[in-house]
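Report on the structure given below.
The values are calculated or read from the model by the stated rules, or taken from the named source; none is laboratory data. Fair warning: this is a prediction, and the values are worked out from it, not measured in the lab. Quick reminder, even Gly has a Cβ in these numbers, built from the backbone with ideal geometry, and neighbours come from all protein chains shown. Heavy atoms of the whole protein, side chains included, go into the accessibility calculation; ligands, DNA and RNA do not. Shrake-Rupley method; radii C 1.70, N 1.55, O 1.52, S 1.80 Å.
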Amino acid sequence: MDKIAIISDIHGNIPALESVLEDIDSRHIKRIICLGDLVGKGPQSSIAIQMIQKHCEMVVRGNWDDFFPKPQESNTIKWHQNQLTKIQMNDLEELPFSVEFLMSGKLVRMFHASPRSVYERIQPWDSLERRLSMFENTEHTENISGEREPDVVFYGDIHNAYQQTIKGKTLCNVGSVGNPLDLTQASYAILEGEYNQSEYGVFSIQLVRVPYDIESSIQIAKEMEMPELEEYIQELTTAKYRGLKK
């Protein structure tokens, strides 16, 4: 049986990423796929890119990765942009939109937010029609099996881990490593099955929560004088989005 760890939404939080990578290593999982949003929100975007490039076999583009290399008006975004090298900016621009492969006979597709855009947000409580639309083939997806739609979809973006079975298909959000907004613990998923096998076989998905040193993440942000620090602290310590009231 092959095991693949699927991580997403690092957002420059290195203590969280280190804890997740340690947990993955303790399970002897060698293949890691990242579903984007390496940068921003947290203080160490440059290191996050370096670590993801070192440890991940495949990385897809998130919405932060998409707009980050472009000129921005926000002084906060400019601060985060200044942490990156030109080479790292170019690396973000070259990230693919999606990845897909066969696993125990199932067609598995992974992207950041939706098959149409890195900016389209799909929540677990959205309508059945919107959730089913996550399995559509689009001009942005690889469509390796022609007109066949995926049996399983993994995505990130919403920082809220869940798994649903919808009309025989599986929709799974892997949550966020560096900025979880459901529990104050880093999140990732483990996919297990026979990689690149077209025949049906044993297949499983496990959602994993990993405690990490939140105070260390906050201290790093303070020492680097990161803007919007209080909003960042709120999200890490309460798992509530900064746009919501405390």
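Within the stretch 200-211, residues that are of a type in the set (Lys, Arg) sit with their Cβ atoms under 9 Å from residues that are in a loop (DSSP other than H, G, I, E, B), at 6+ positions apart or across chains, in these pairs: Arg209/Ala161; Arg209/Gly175; Arg209/Pro180; Arg209/Leu183; Arg209/Gln185. Every condition in (1) out of contact with any helix residue (DSSP H, G or I) (no Cβ under 9 Å at 6 or more places or on another chain); (2) under 28 Å from His11 (Cα atoms); (3) not in a loop (DSSP other than H, G, I, E, B) is met by Arg109 except one, and the failing one is (1). Looking at Gln163, Gln83, just one residue is within 28 Å of Arg31 (Cβ to Cβ) and surrounded by 15 or more Cβ atoms within 10 Å (Cβ to Cβ), and that residue is Gln163. In the set Arg148, Arg131, only one residue is at pLDDT 95 or above, surrounded by 14 or more Cβ atoms within 10 Å (Cβ to Cβ), in contact with a Leu (Cβ under 7 Å, 6 or more places away or on another chain) and charged (D, E, K, R); that residue is Arg131.
Just one of the listed residues (Asp25, Asp65) is modelled with pLDDT of 95 or more, open to solvent by less than 10 Å² (accessible area, probe 1.4 Å) and under 25 Å from Cys172 (Cα atoms), and it is Asp65. Count of the stretch 194-208 residues, restricted to those that are within 14 Å of the chain's Cα centre (by Cα) and either open to solvent by 60 Å² or more (accessible area, probe 1.4 Å) or among the small types (Gly, Ala, Ser) (or both), is 1. Within the stretch 102-116, the set of residues being open to solvent by less than 10 Å² (accessible area, probe 1.4 Å) and either under 21 Å from Leu38 (Cβ atoms) or under 19 Å from the mean Cα position of the chain (by Cα) (or both) comprises Val108, Arg109, Met110, Phe111, His112, Ala113, Ser114, Pro115.
Condition check: outside any loop (DSSP other than H, G, I, E, B) and either of a type outside the set (A, V, I, L, M, F, W, C) or buried (at least 18 other Cβ atoms within 10 Å of the Cβ) (or both). Does Gln72 satisfy that? Judged against the criteria, Gln72 is not a match.
Could you say whether any residue in the stretch 44-62 is touching a Cys at 6+ places or on another chain (Cβ under 9 Å) and within 25 Å of Lys222 (Cβ to Cβ)? Yes, the conditions are met somewhere in the stretch 44-62.
Scanning the stretch 185-193 for any residue that is open to solvent by 10 Å² or more (accessible area, probe 1.4 Å) and not β-branched (Val, Ile, Thr) turns up at least one such residue.
When we screen Tyr212, Tyr232, Tyr241 for residues that are part of a helix (DSSP H, G or I) and either touching a helix residue (DSSP H, G or I) at 6+ places or on another chain (Cβ under 9 Å) or charged (D, E, K, R) (or both), the only hit is Tyr232. Does Val153 satisfy the criteria of being open to solvent by less than 60 Å² (accessible area, probe 1.4 Å), in contact with a Ser or Thr (Cβ under 9 Å, 6 or more places away or on another chain) and on the phi < 0 side of the Ramachandran plot? When the stated conditions are applied, Val153 passes them. Assess whether Thr170 counts as being among the polar types (S, T, N, Q), part of a loop (DSSP other than H, G, I, E, B) and either farther than 21 Å from Cys56 by Cβ or open to solvent by less than 50 Å² (accessible area, probe 1.4 Å) (or both). In short, no.
Of the residues making up the stretch 37-58, those that are surrounded by fewer than 24 Cβ atoms within 10 Å (Cβ to Cβ) and not in a helix (DSSP H, G or I) are Cys56, Glu57, Met58.
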